[in-house]
Amino acid sequence: MRLDQSRAAADEAREPASPQVAPTLPMAQESVPKRVRPQLRTYLIAIVLFALTPALLLGAATVWQLGAAYRGSAELGLTGTARALTTALDRELEAAAEALDTLAASPPLATGDLDAAYPQAAAVGRAFGGWVSLLDAGMRQRFHTLIPPRQDLPAGAGAVFVSRALEAGQTVVSDLFKGATVRRPVIAVFRPLPPGVAGAAPGERRVLLLAFGPERLSALLARRQVAQPGGFAVLTDGAGRVVARSAEHGHFLGRPAPAWYVEGVRGRDGGLLQGTSLAGFDAVVAFQRLEQAPGWTLAVTLPLATHEVEWRNPAFRFALGAALTIGLGAALATLLARRLFRPLRTLAGDAEQLGASGAEARAPSEEDGVAEVETIRCALRRSGAALRANALAEGRAAAAEETAGKLREAARRRDLLIAELNHRVKNTLATVQSLAAQSLKGVGGNPARFAEEFPARLRTLARAHDLLSRNDWQPADFGEVVRAALAPWLGAEAGERVRISDGLSFAVSPAQAQALVLALHELATNAVKHGALSVPGGYVHLRHARAADDIAIVEWVESGGPPIRPAPARRGFGTRLLEQGLARDLGPGATVELHFEPVGLRAAIRFVPAGR
């Protein structure tokens, strides 16, 4: 039911008031149930929560997916780093093996001239920052390039690796062991020679070894730094001991790897593990087995806290933004509820006063600010006056009966008007819900942008409702609609940035007025952010005219702003509101055209004013 129809129905009950004083009408006190019912504030907050919950759930799912994608990307990065470092280590060990192959094929060794082979072996040792030694099966050293030729040499170390090389007949990379001559941890590559070569008796085989300190491999790892902050690389041998480390090498050299790591890499060529590192912190580890030394593994280690903080921080920021958004929505719902409570409570007092004594309700007050409430109050006043006149004319008994009927009729009309009020409030809340959902969708889950744009649109909607309330929800003048929409950009402080053509005046319906206020606000907001009002000297010209077929033409023309691009393929909230929502709300035959011209945006709105 429309408000004007409700007011007309209430007027029918009005009868000429008598100048005599109306008698007091005794009314039975209506018993009020003691059950506590939810207040309007509760319903408003619930509507805000229902509107925001789907968007917040979608945002939470998106953040979770992004976190999973980051974890996968970070783990893939660790695995790639482990493979790259493993390749570099394999190349280093392969180069050492090839150097021994070249030395083994030299003529001096083939003929057994160890004095002539010594300089070549010494050059190979220096090239790798180490030394070369020649051993027989009994671990006797025939020469050692750190000691001059023909000197007494101690028995060599690494007998297990010499035996392994002789049995396999191929090059073997040792685990970490203590050198017999240098008396410190070393790594060696053992290369068996053919029988009878390098001065060996027929049928006897000797072994060349190229040894160097693990610091060489540690320096190689340190040069190829792990990209992830706080990450480092660790190389362990077949016995599960630390051979080299990209950081704090000396502190951890020779220490056994954690049991969980040794167990996790057993029988696997590569993968991901998680556990407590030797340094005592939880870590995620990507490991890869070497080809040149199958017992060795290279592990890229990253602190678990560093690994998780990159996806936990966005989740925390989203949770904080969601809490702020819900709090803001609840606060706005509370403010709106307070605005509605005051006139409703006053109206309830007037109704109780009329029911108790037949006294006249107070005159309408501008502080109430809700047209529907004032309509109900006026209906109560007219009903009370009519009831008093009837009671005075027909006598106390008949007046009592008539008064009861009139009061019932007044209550019925009051219920109709309250239903209209509920309908109007639901429409307003539906609009608020749509603005909240579309605003949250338009900002891409950014709480700061949502907190800026959503309240601005609510204030614009409030200005539209204030305008319509002042006009008692009757047709409004187009000029007043424009001033309500562009109020933040008009006045002496704004200068002449928004220019409005004068002369033509026509009325628009309440629905058209609300749609135009929201649309013009979106155009002005876009001009401030991206258009003519975003730079000094730019301005907007709002023109309006009437065509011969009674169609109103409104043009928004921006000038002096930055050059704009052609129409974007993706439509944001403002564009959808103008091209779809505005054209629908302005009524049949309405059209909205947006022209993204290089000199500035031009919007053309054509519709038939319904405010006749």
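Matching residues to (1) at pLDDT below 80; (2) under 22 Å from L344 (Cβ atoms); (3) among the basic types (K, R); (4) open to solvent by 60 Å² or more (accessible area, probe 1.4 Å):
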| site | (1), (2), (3), (4) |
| --- | --- |
| A8 | yes, no, no, no |
| A22 | yes, no, no, no |
| A28 | yes, no, no, yes |
| P38 | yes, yes, no, yes |
| V48 | yes, yes, no, no |
| A55 | yes, no, no, no |
| D115 | no, no, no, yes |
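Taking the stretch 260-348 as the region of interest, the strands (runs of 3 or more DSSP E) fully inside it that hold 1 or more residues being open to solvent by less than 30 Å² (accessible area, probe 1.4 Å) and out of contact with any Leu (no Cβ under 8 Å at 6 or more places or on another chain) are 270-276, 297-303.
For the stretch 181-191, filtering for residues that are open to solvent by 10 Å² or more (accessible area, probe 1.4 Å) and not in a loop (DSSP other than H, G, I, E, B) leaves 2. Cβ-Cβ contacts under 8 Å between residues 6 or more apart (or on different chains), taken from a first residue in the stretch 146-173 that is closer than 20 Å to A239 by Cα to a second residue that is open to solvent by 40 Å² or more (accessible area, probe 1.4 Å) and part of a helix (DSSP H, G or I), are listed as T171/D101; V172/R164.
If you check F161 against the conditions, is it modelled with pLDDT of 90 or more, within 17 Å of R206 (Cα to Cα) and over 60 Å from the mean Cα position of the chain (by Cα)? Before the answer, list the steps.
Details: modelled with pLDDT of 90 or more: yes; within 17 Å of R206 (Cα to Cα): yes; over 60 Å from the mean Cα position of the chain (by Cα): no.
Judged against the criteria, F161 is not a match.
State which residue is nearest to L578 (Cα to Cα) when the search covers only the stretch 535-559 and only residues that are within 38 Å of the chain's Cα centre (by Cα) and open to solvent by 50 Å² or more (accessible area, probe 1.4 Å). Among those residues, the one meeting the criterion is H541. Considered as a group, the residues in the stretch 143-153 that are modelled with pLDDT of 90 or more and either in a loop (DSSP other than H, G, I, E, B) or touching a Lys or Arg at 6+ places or on another chain (Cβ under 7 Å) (or both) include one that is least open to solvent (accessible area, probe 1.4 Å), and that residue is T145.
Might you let me know whether the stretch 64-74 holds any residue that is of a type in the set (D, E, K, R) and modelled with pLDDT of 75 or more?
no
Scanning the stretch 117-139 for residues that are farther than 25 Å from A168 by Cβ and open to solvent by less than 40 Å² (accessible area, probe 1.4 Å) yields Y118, A122. Taking every residue in the stretch 585-603 that is hydroxyl-bearing (S, T, Y) and pairing it with any residue that is in a helix (DSSP H, G or I), at least 6 positions away or on another chain, the pairs with Cβ-Cβ distances below 9 Å are T591/A583.
In the stretch 208-226 there is at least one residue matching the filter, namely being of a type in the set (D, E, K, R) and closer than 30 Å to G156 by Cα.
Restricting attention to the stretch 502-512, does a residue exist that is hydroxyl-bearing (S, T, Y) and over 25 Å from L458 (Cα atoms)? There is at least one residue in the stretch 502-512 that is hydroxyl-bearing (S, T, Y) and over 25 Å from L458 (Cα atoms). I'd like to check something: does the stretch 94-110 contain any residue that is surrounded by 19 or more Cβ atoms within 10 Å (Cβ to Cβ), closer than 30 Å to A283 by Cβ, among the hydrophobic types (A, V, I, L, M, F, W, C) and in contact with a Leu (Cβ under 8 Å, 6 or more places away or on another chain)? No, the stretch 94-110 has no match at all.
Considering the conditions (1) buried (at least 19 other Cβ atoms within 10 Å of the Cβ); (2) more than 30 Å from P148 (Cβ to Cβ); (3) without any contact (Cβ under 8 Å) to a residue 40 or more places away in the chain, A74 is excluded by exactly one of them, (3).
The values are calculated or read from the model by the stated rules, or taken from the named source; none is laboratory data. Quantities reported herein were computed from a predicted structural model and do not represent experimental measurements. For neighbour counting, all protein chains shown are included, and Cβ atoms are generated from backbone atoms with ideal geometry for every residue, glycine included. In case anyone asks, the SASA skips ligands and DNA or RNA and just uses the protein heavy atoms, side chains included. Shrake-Rupley method; radii C 1.70, N 1.55, O 1.52, S 1.80 Å.
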